[in-house]
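**Q** If you scroll down you'll find the structure; I have some questions about it.
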Amino acid sequence: MPTNLLSRKSHSSAPPVPPPRKRTRRAVLKVIAGLIGLFLLIGGIKVAQIMTLISSSKKMVPPPTTVTSAKVEQADWQPMLSAVGSITPVQGATISAELPGMVSEIGFESGRPVAKGDVLLKLDASAEQAQLRSAQADAELAKADLDRARGLATRKVISQAELETAAAKFTQRKAAVDNMQSVIDKKEIRAPFDGIAGIREVNPGQLVNVGHNLVTLQALDQVFADFSLPQQQLGEVKPGLPVKVTTDAVAGREFDGTVTAVNSAIDRATRNVSLQATLDNADHMLRAGMFVRVKVLLPQQNPTLYIPATGVSYAPYGNSVYVIEKKQDEKTKQDSLLIRQQFIRTGETRGDFVAVTDGLKAGDEIVSTGVFKLRNGMDVVVDNKLAPKPEDAPKPADT
């Protein structure tokens with residue numbers, strides 16, 4: 001067999017070799033398929049992990065929240081009527097000049113006590129003193145004439161008419177003396193009552209006119225608290241009721257007093273009735289014009305439920321508290337605590353407490369602080385070690 005024939009047979013029996021482009025496309029497809037499989041595997045693992053976390057989170061129970069608690073207490077509260085008012089002195093006046101003149105002397109110190117009759121200041125009265133001496137001389141002469149006329153009238157030397165003329169002349173001269181003395185006295189301004197002098201409004205050498213304000217004088221051993229109440233409460237107030245007065249100017253202190261006057265007329269504009277209470281003020285801590293808060297204590301006693309004001313969640317749609325209740329776990333049969341939101345109606349406040357008129361009963365346990373962070377149905381644990389202690393009459397820590 002010829003050689004070229006054998007070579008043809010050998011070439012025809014070998015498999016055909018694919019072209020280079022087809023091999024490259026197959027390799028790329030295998031790589032892409034491998035990457036897709038890898039991504040699917042990783043995604044499946046992550047999905048399995050997420051599902052495991054979700055399943056475990058559903059089984060997890062959050063730890064209970066630590067809260068402080070307080071019991072709903074009941075006590076007899078004396079009803080109060082609250083108002084705002086101002087302080088006025090029992091005796092007070094603005095001393096002013098009755099006559100014109102120049103200030104020659106000041107006899108008091110601003111802010112110091114003065115006694116009734118003390119000379120506060122003097123106006124220059126040198127001209128009046130000279131006129132007084134002249135009037136006194138005329139009066140002495142008129143008196144001498146009157147004495148001479150009486151002697152002559154006794155001896156029937158002069159008529160009764162001449163005697164009466166001499167007497168009238170003496171009376172006129174004496175009245176002139178009294179008038180000048182009165183003018184001089186009015187130029188010595190004296191304290192009309194015991195009190196505390198205010199800040200002087202004049203200086204020596206200053207010329208003052210009639211009515212010019214010189215100094216204020218206030219008697220502060222007792223003061224009035226003037227306040228008003230609505231006409232609906234007129235039937236509850238009467239003279240003799242005790243009052244408690246507080247002011248920001250004397251923090252942490254209550255002043256005791258008594259209602260001493262109830263106005264006989266109602267204000268047409270406000271329909272309020274004006275009242276006046278008298279307070280002892282021996283240390284002069286209350287001053288005229290001071291703003292005060294007044295509480296009138298009514299005679300009756302009312303049983304009242306009250307709680308710490310910090311336990312109330314105030315909201316426009318209604319005030320509420322969180323009541324602490326026990327619950328039993330169905331599986332473990334163990335007791336635990338949860339909170340239930342309870343809407344209430346509140347009344348007056350006293351110190352750190354607020355009265356509850358509806359929604360609670362005596363003995364209920366409520367959350368006393370931090371109610372803004374709670375929600376209905378939460379599990380809680382009570383810990384009162386650091387709980388603040390509410391008081392009827394709290395005092396600031398820095399006083």
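**Q** Within the stretch 348-372, work out how many residues are of a type outside the set (Val, Ile, Thr), out of contact with any helix residue (DSSP H, G or I) (no Cβ under 9 Å at 6 or more places or on another chain) and over 14 Å from Pro390 (Cβ atoms). Walk me through how you get there before you give the answer.
**A** First pass over the stretch 348-372, keeping only residues of a type outside the set (Val, Ile, Thr): 348, 350-353, 355, 358-365, 368, 370, 372.
The next check asks that each one be out of contact with any helix residue (DSSP H, G or I) (no Cβ under 9 Å at 6 or more places or on another chain); those that pass are 348, 350, 355, 358-365, 372.
This time we only want the ones that are over 14 Å from Pro390 (Cβ atoms), so: 348, 358-365, 372.
Residues in the stretch 348-372 being of a type outside the set (Val, Ile, Thr), out of contact with any helix residue (DSSP H, G or I) (no Cβ under 9 Å at 6 or more places or on another chain) and over 14 Å from Pro390 (Cβ atoms): 10 in total.
For every residue, the table says whether it meets (1) under 17 Å from Asn376 (Cα atoms); (2) more than 23 Å from the chain's Cα centre (by Cα).
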{"site": "Gln300", "(1), (2)": "no, yes"}
{"site": "Ser313", "(1), (2)": "yes, no"}
{"site": "Tyr322", "(1), (2)": "yes, yes"}
{"site": "Lys333", "(1), (2)": "no, yes"}
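**Q** Still on this model: For the subset of the stretch 297-339 comprising residues that are in a loop (DSSP other than H, G, I, E, B) and of a type in the set (D, E, K, R), which member is surrounded by the most Cβ atoms within 10 Å (Cβ to Cβ)?
**A** So in the stretch 297-339, the residues in a loop (DSSP other than H, G, I, E, B) come out as 298-301, 312, 314-318, 329-334.
With of a type in the set (D, E, K, R) added as a condition, the list becomes 329-331, 333.
On the way: Asp329: 9, Glu330: 6, Lys331: 5, Lys333: 7.
Here the residue is Asp329.
**Q** Given the criteria within 28 Å of Gly205 (Cβ to Cβ), β-branched (Val, Ile, Thr) and exposed (fewer than 15 other Cβ atoms within 10 Å of the Cβ), does Val114 qualify?
**A** Details: within 28 Å of Gly205 (Cβ to Cβ): yes; β-branched (Val, Ile, Thr): yes; exposed (fewer than 15 other Cβ atoms within 10 Å of the Cβ): no.
Judged against the criteria, Val114 is not a match.
**Q** For the stretch 263-276, give me the residue count where each residue is surrounded by 12 or more Cβ atoms within 10 Å (Cβ to Cβ), out of contact with any Phe, Trp or Tyr (no Cβ under 7 Å at 6 or more places or on another chain) and not in a loop (DSSP other than H, G, I, E, B).
**A** The qualifying residues number 5.
**Q** Scanning the stretch 340-365 for residues that are modelled with pLDDT under 90 and part of a strand (DSSP E or B), which turns out surrounded by the fewest Cβ atoms within 10 Å (Cβ to Cβ)?
**A** Within the stretch 340-365, the match that is surrounded by the fewest Cβ atoms within 10 Å (Cβ to Cβ) is Thr349.
**Q** Could you list, in sequence order, the residues of the stretch 195-229 that are farther than 16 Å from Lys122 by Cβ, polar (S, T, N, Q) and assigned to a loop (DSSP other than H, G, I, E, B)?
**A** Listed by number, the list holds a single entry, Asn209.
**Q** In the stretch 369-384, is there at least one residue being more than 28 Å from Tyr317 (Cα to Cα) and in a loop (DSSP other than H, G, I, E, B)?
**A** yes
**Q** Is it the case that some residue within the stretch 80-98 is charged (D, E, K, R) and surrounded by 15 or more Cβ atoms within 10 Å (Cβ to Cβ)?
**A** From the stretch 80-98, those charged (D, E, K, R) are 98; that's our starting set.
Okay, now just the ones that are also surrounded by 15 or more Cβ atoms within 10 Å (Cβ to Cβ), so none.
No, that holds for no residue.
**Q** If you scan the stretch 280-295, which residues turn out to be under 21 Å from Gly111 (Cβ atoms) and among the aliphatic types (A, V, I, L, M)?
**A** Ala282, Met285, Leu286, Ala288, Met290
Quick grid of which residues meet (1) in contact with a helix residue (DSSP H, G or I) (Cβ under 6 Å, 6 or more places away or on another chain); (2) β-branched (Val, Ile, Thr); (3) at pLDDT 90 or above:
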site: Ala153; (1), (2), (3): yes, no, no
site: Ala168; (1), (2), (3): no, no, yes
site: Asp194; (1), (2), (3): no, no, yes
site: Ile199; (1), (2), (3): no, yes, yes
site: Val208; (1), (2), (3): no, yes, yes
site: Asp226; (1), (2), (3): no, no, yes
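**Q** Can you pull out every residue in the stretch 263-289 that is of a type in the set (S, T, N, Q), in contact with a Leu (Cβ under 9 Å, 6 or more places away or on another chain) and touching a residue at least 60 places away in the same chain (Cβ under 8 Å)? Reasoning before the result, please.
**A** To start, the set of residues in the stretch 263-289 that are of a type in the set (S, T, N, Q) comprises 263-264, 270, 272, 274, 276, 278, 281.
Imposing the further condition that a residue be in contact with a Leu (Cβ under 9 Å, 6 or more places away or on another chain) reduces the set to 263, 272, 274, 281.
Answer for the stretch 263-289, where residues must be of a type in the set (S, T, N, Q), in contact with a Leu (Cβ under 9 Å, 6 or more places away or on another chain) and touching a residue at least 60 places away in the same chain (Cβ under 8 Å): just Asn281.
**Q** Thr260: farther than 24 Å from Asp352 by Cα, in a strand (DSSP E or B) and free of Cβ contacts under 8 Å to residues at least 40 places away in the same chain, yes or no?
**A** On the way: farther than 24 Å from Asp352 by Cα: yes; in a strand (DSSP E or B): yes; free of Cβ contacts under 8 Å to residues at least 40 places away in the same chain: yes.
Against the criterion (farther than 24 Å from Asp352 by Cα, in a strand (DSSP E or B) and free of Cβ contacts under 8 Å to residues at least 40 places away in the same chain), Thr260 qualifies.
**Q** Take the stretch 137-162 and flag every residue that is surrounded by 16 or more Cβ atoms within 10 Å (Cβ to Cβ), of a type outside the set (D, E, K, R) and within 17 Å of Lys174 (Cβ to Cβ).
**A** Ala139, Ala142, Leu146, Ala149, listed by residue number.
**Q** Against the condition more than 54 Å from the chain's Cα centre (by Cα), in a helix (DSSP H, G or I), among the polar types (S, T, N, Q) and over 30 Å from Leu360 (Cβ atoms), how does Gln181 come out, does it pass? Don't jump to the end; show me each part of the working.
**A** Working: more than 54 Å from the chain's Cα centre (by Cα): no; in a helix (DSSP H, G or I): yes; among the polar types (S, T, N, Q): yes; over 30 Å from Leu360 (Cβ atoms): yes.
Taking the combined requirement at face value, the residue does not satisfy it.
The values are calculated or read from the model by the stated rules, or taken from the named source; none is laboratory data. Just so we're clear, the structure is a prediction, and the values are computed from it rather than from any experiment. When we count neighbours, we look across all protein chains shown, and the Cβ atoms used for this are built from the backbone with ideal geometry, even at glycine.
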